[in-house]
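For reference, the structure is listed below as structure tokens.
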Amino acid sequence: LHHVIIDTDPGQDDAFAILLALASPELNVLGLTTVAGNMGLDQTTDNARRIVELAGRGDIRVHAGSARPLMREPRPVPEIHGETGIDGWDFPPAERGPEPGHAVAFIIETLRAHTEKVILIALGPQTNIAMALRMAPDIREKIERIVFMGGGYFEGGNMTPAAEYNILVDPEAARIVLGSGVPITAVPLDCTHATPAPVNWSSALAAHGGEVMRACAGMMEFFERYGNAKHGTASRPLHDAVAVAALLWPDLFTGRLCPVDVECAGQLTTGMTVVDWLRQTGKPDNCLWLTGCTDSADVYSRMEARLARLGTRR
Ligand code: BDR
Ligand code: CA
């Protein structure tokens, strides 16, 4: 059993990641923390509440965190995720609001209080995690691992030729996280692009019926439409959900331990994850960099079976 905190900026693929985590008996979700990313902080926080309540898990605490990156301006992307960030399903309004108290304080207090080590799953810009590590360096020994979705090396970027969204939005935060000394698993585009959802997966999800699966189908269909328009393909990787899948089923993923850093001052490459794949810097290995998936179809069929377990809202 892994105890986890999920730091997130939903996002349809964040929603799948959260639902998969809640549906998985291997994971004890201690709470969600939200960050400005795909949408502004108020929207990502409200989305996180709606997602846990959809899963019948209104008891999961959601704490709002950083409203902007450490040094830069926010970069919401409604053109990718729609006006709500989780377009594709009309979620009922949340019954409960976020908890009082900042996400960074929640992360620090939860790690200090927990007797066992905790895994932090970072699905958005890493502002909250970097803040927590800077404010309370003692928490490093309570973190079993940080699993983040972000970056890309062999595949390049998805926002610029060099940078993936989560790292581009807050490269300084990602640099702090990668330099923290905490064990890290990175799930970059190199891995998520090797793990595309089945073609028209939305139809398979819809066939299950029930509110959770219909919501998943709606969000997936929205995601597929964007993929079609931009890449001419009906199959898209659910980046953040792949990160949770990699934690659950490491046997299905491949990668290598190596030194990784982030470019924060490039003229063309700000936000690039610089992966020392051939170990030329002599720096210590700080990151398990995932590059492949041995059976993408299996990842999504396992995910589908898990999601179908989730109860509906009362
Ligand atoms: C990442 O960017 C966001 O838009 C997604 O939610 C995911 O976390 C993919 O590059
Ligand atoms: Ca995300």
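Somewhere in the range 98-107, is a residue within 14 Å of ligand 2 (Cβ to nearest atom) and closer than 25 Å to Val187 by Cβ? Within the range 98-107, none of the residues are within 14 Å of ligand 2 (Cβ to nearest atom) and closer than 25 Å to Val187 by Cβ. Checking each residue in the range 232-272 for being more than 16 Å from ligand 2 (Cβ to nearest atom) and β-branched (Val, Ile, Thr) picks out Thr233, Thr254, Val260, Val262, Thr269, Thr270.
Remark: Ala162 falls outside the filter, which requires a residue to be in a loop (DSSP other than H, G, I, E, B), in contact with a Leu (Cβ under 9 Å, 6 or more places away or on another chain) and crowded, with 22+ Cβ neighbours inside 10 Å. Restricting Thr273, Thr294 to those that are β-branched (Val, Ile, Thr) and either within 25 Å of Met159 (Cβ to Cβ) or touching a Lys or Arg at 6+ places or on another chain (Cβ under 8 Å) (or both) reduces the list to Thr273.
More than 13 Å from ligand 2 (Cβ to nearest atom) and either in a helix (DSSP H, G or I) or in contact with a Leu (Cβ under 7 Å, 6 or more places away or on another chain) (or both): does that describe Leu20? Answer is yes for this residue.
Within the range 114-146, the set of residues being outside any strand (DSSP E or B) and under 27 Å from Gln12 (Cα atoms) comprises Leu123, Gly124, Pro125, Gln126, Thr127, Asn128, Ile129, Ala130, Met131, Ala132.
Can you pull out every residue in the range 178-196 that is within 15 Å of the chain's Cα centre (by Cα) and either assigned to a strand (DSSP E or B) or under 17 Å from Leu133 (Cα atoms) (or both)? If the condition is that a residue be within 15 Å of the chain's Cα centre (by Cα) and either assigned to a strand (DSSP E or B) or under 17 Å from Leu133 (Cα atoms) (or both), then Ile184, Thr185, Ala186, Val187 are the ones that fit. Taking the range 16-67 as the range and being of a type in the set (Gly, Ala, Ser) and touching a Phe, Trp or Tyr at 6+ places or on another chain (Cβ under 9 Å) as the test, the residues that pass are Gly31, Gly37, Gly65. Select from the range 38-53 the residues that are touching an Asp or Glu at 6+ places or on another chain (Cβ under 7 Å) and assigned to a helix (DSSP H, G or I) and write down the one among them that is surrounded by the fewest Cβ atoms within 10 Å (Cβ to Cβ). Result: Glu53. Within the range 81-99, residues that are farther than 19 Å from Gly11 by Cβ and part of a loop (DSSP other than H, G, I, E, B) have Cβ atoms under 6 Å from residues that are hydroxyl-bearing (Ser, Thr, Tyr) and away from ligand 2 (no atom under 16 Å from the Cβ) in no pair, counting only partners at least 6 apart in sequence or on another chain. Of everything listed in (1) at negative phi; (2) away from ligand 1 (no atom under 16 Å from the Cβ); (3) touching a residue at least 12 places away in the same chain (Cβ under 8 Å), the single unmet condition for Asn200 is (1).
Being within 13 Å of ligand 1 (Cβ to nearest atom) and hydrophobic (A, V, I, L, M, F, W, C) is not true of Val182. Residues that are more than 16 Å from ligand 1 (Cβ to nearest atom), polar (S, T, N, Q) and at pLDDT below 95: does the range 291-300 have at least one? Scanning the range 291-300, I find no residue that is more than 16 Å from ligand 1 (Cβ to nearest atom), polar (S, T, N, Q) and at pLDDT below 95, so the answer is no. Against the numbered list (1) crowded, with 22+ Cβ neighbours inside 10 Å; (2) without any contact (Cβ under 8 Å) to a residue 60 or more places away in the chain, Arg140 comes up short only at (1).
The values are calculated or read from the model by the stated rules, or taken from the named source; none is laboratory data. Predicted, not measured: the structure shown is a model, and the values here were computed from it. Note: ideal-geometry Cβ built from the backbone for every residue, glycine included; neighbour counts use all protein chains shown.
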